[in-house]
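Q: Supplied in structure tokens, the structure appears directly below.
Every number here is computed from the coordinates shown, using simple stated rules; none is lab data. All figures in this text were calculated on a predicted structure; none of them were measured in a lab. Please note: Cβ atoms are built from the backbone with ideal geometry, for glycine as well, and neighbour counts cover all protein chains shown.
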Amino acid sequence: MTHLIGNGILITRNAELPLIGDGCVAIEGNTIVDFGTSADMKRKYESAAFDDVYGSLIMPGLINTHGHIYSALARGMSLSGGKVSKNFTQILENLWWRVDRALGIEEIKSSAYTTYLDGIRNGVTTVFDHHASAGKVQGSLFTIADVAKEIGVRTSLCYEVSDRDGQQISDAGIAENADFIDYAKAQNSNMLKAMFGLHASFTLSDETLTKCADAAGDTGFHVHVAEGIDDLNDCIAKHGKRVVQRLNDFGIIGNNTLSVHCIHIDEAEKDILKQNDCIVVHNPESNMGNAVGCSDVLGMMDKGILVGLGTDGFTTDMLESLKVANLIHKHQQGDPSVGWAQAPQMLFEKNAKICARFFDKPLGIIDRGALADIIIIDYNAPTPITQDNIDAHMLFGLMGRSVTSTMINGKYVMRNRDIIDVDESKIYADSRQVAKEFWDKV
């Protein structure tokens, strides 16, 4: 049966017809089958159910190409006796590595529920997550996948292998990745995908990287690359080469790998990324918060490198990240003219292209044959919306909490700000209790 969503301003992200003032989308099952004006769609699909959005924006669901679900319970946490972290490595040692060592199944589950739900409220329909829980490695990805299935969110998962907690934990991370990759392939579903997760060069020995490359097979990697200067310095001191070169020597830099951050890389490394058609993911808010620097993603885009936008666990609001991506490069370069085009391209165009390398049907676009991931946004614009100024409205008029309804795979998971078929109040109440006990453990 055909289902119509219309009487709204349709932003398609489709070059064929970017904007339809009174637009409508036709959906059958989990797929978009048509789009056009509301009048045309009603006439063409006379018996279809019609959802009237009363002038709201209709657009594709948002995609987050790098997140950290495991960080959710750290929000508001105060570490007793905690040291003041003055650089990124100290932030990892004093906070995040303490957090992931303390995680158990209940904490992982609460983190997944609340992060996915928060994303849905911000219009995020697809999440590429990078998980770590040294305290509970085995079964961690399966736990997150079960939550994603229950809520109805589209996701790609991996476990970050690292030597920082010893070989036993490192080997467990390799096994968790391998087992979950087999599981996700067997599901053969566009709702769940798997990648092979790696932490970063400076916490991975040559022996471990060899094991990972062997275990991954044809599956792509999801890895932090030269995020902090210590990653680069360690690589040069121990291996006599820079980070991208080292990872490339192990076959990790490829067209189905997410190379996240890429801040402390040089032109030769950018050439390696380009030659291997490797994906880069920019995380501007996290980079600013950790004071690690600003990635030259504008230069990478000029080289033709595919650069997407993620959050690194800093937020689940991709529209917030869009705004910061636009600003950070203006500030970095001292040039107010840069970033206007590239920031929206990363979120709306490049993230969709990244998904095309992992999912079997198009995402991030209103087009015939694309998966029906659609969001509705309450926005009464003070100025006209045209196909030439759509992104300006995104930058200056919208935020994630403007989203009123979120549809994933042809099914509403939030409608009129109400989460569907999930006891959201109980989930958050339980999470607060789990968090209290977790803080004591950390």
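Q: Among 122-129, 233-240, how do they line up from the highest to the lowest mean number of other beta-carbon atoms within 10 Å?
A: 122-129, 233-240
Q: How would D163, D146 line up from fewest to most surrounding beta-carbon atoms within 10 angstrom?
A: D146, D163
Q: Kindly flag which residue pairs out of K136/K193; K185/K350; K109/K436 have an alpha-carbon separation exceeding 18 Å in this structure.
A: Distance filter (> 18 Å) returns K136/K193; K185/K350.
Q: If you average the C-alpha positions of the stretch 341-380 and of the stretch 68-107 separately, how far apart do those two centres end up, in angstrom?
A: The stretch 341-380 and the stretch 68-107 have Cα centres spaced 32 Å from each other.
Q: If you put +1 on each Lys and Arg Cβ and -1 on each Asp and Glu Cβ, how big is the dipole of the stretch 63-356 around its Cα centre, in Debye rounded to 20?
A: 500
Q: Could you tell me the extents of the stretch 72-218's C-alpha atoms along the three principal axes, largest first, rounded to whole Å?
A: Taking the Cα atoms of the stretch 72-218, the three principal extents are 45, 40, 23 Å.
Q: Quick one: among H393, H66, H329, which has the greatest mean-square fluctuation in a GNM of the chain with alpha-carbon springs under 10 angstrom?
A: H393
Q: Under a point-charge model restricted to the Cβ atoms of Lys and Arg (+1) and Asp and Glu (-1), what is the dipole moment magnitude of the stretch 260-393 relative to its Cα centre, in debye to the nearest 20?
A: Around 220 debye, computed over the stretch 260-393.
Q: Along Cα→Cβ, 7 Å out, is where each label goes; now give me the distance between the ones at K353 and T89 in nm to one decimal.
A: 3.6
Q: Using a cut-off of 10 Å between beta-carbons, work out the net charge of the residues near N287 (Lys and Arg +1, Asp and Glu -1, N287 not included).
A: -3
Q: How big is the C-alpha Rg of the stretch 377-442 next to the rule-of-thumb value 2.2 N^0.38 Å, as a ratio?
A: 1.66
Q: Would you mind counting up the charge near R154? Only other residues with Cβ under 14 Å from its Cβ, with Lys and Arg at +1 and Asp and Glu at -1.
A: With Lys, Arg at +1 and Asp, Glu at -1, the neighbours total 0.
Q: Now a separate question. For D214, D100, what ranking results if the residue with the fewest other Cβ atoms within 10 Å of its Cβ goes first?
A: D214, D100
Q: Next question. Of the residues M301, M346, M414, which exhibits the maximal mean-square fluctuation in a Gaussian network model of the chain defined by a 10 Å Cα contact cut-off?
A: Maximum fluctuation in the GNM of the chain, among the listed residues, is at M301.
Q: When a/c is below 1.5 the answer is rounded, else prolate if a/b is larger than b/c, else oblate, so apply that to the stretch 280-349 with a ≥ b ≥ c taken from the square roots of the Cα gyration tensor eigenvalues.
A: Rounded.
Q: Mind jotting down the distance between the C-alpha centroids of the stretch 183-247 and the stretch 256-335, whole Å?
A: 18
Q: With Cβ to Cβ distances under 14 Å as the rule, what net charge do the other residues near D302 carry (K, R +1; D, E -1)?
A: Charge balance near D302 sits at +1.
Q: OK, next. From the helices alone, meaning DSSP H stretches of at least four residues, give me the mean residue ellipticity at 222 nm for the chain, per-run term -39500 (n - 2.57), in deg cm²/dmol to the nearest 500.
A: Roughly -11000 deg cm²/dmol at 222 nm, from the helical runs in the chain.
Q: Work out how much length K361 to A341 would gain on full extension: take 0.36 nm times their residue separation and subtract the Cα-Cα distance, in nm to one decimal.
A: Here the segment from K361 to A341 would lengthen by 4.6 nm.
Q: Then there is this: Kindly provide the chymotrypsin sites (Phe, Trp or Tyr not before Pro) of the stretch 133-204 that DSSP labels as loop, not H, G, I, E or B, and whose Cβ sees at most 15 other Cβ atoms within 10 Å.
A: Loop-located and lightly packed - none at all.
Q: Another one. By its C-alpha gyration tensor, with a ≥ b ≥ c as the square roots of the eigenvalues, how is the stretch 63-356 shaped: rounded for a/c under 1.5, else prolate for a/b larger than b/c, else oblate?
A: Rounded shape, in that the Cα axes give a/c under 1.5.
Q: Name the trypsin sites (Lys or Arg not before Pro) in the stretch 12-104 that are in a loop by DSSP and that have at most 16 other C-beta atoms within 10 Å, would you?
A: Listed in order of number, the matching sites are R75, K83, K86.
Q: Hand me the chymotrypsin sites (Phe, Trp or Tyr not before Pro) from the stretch 371-434 located in a DSSP loop with no more than 12 other Cβ atoms within 10 Å, in residue order please.
A: Here no loop site has a sparse enough neighbourhood.
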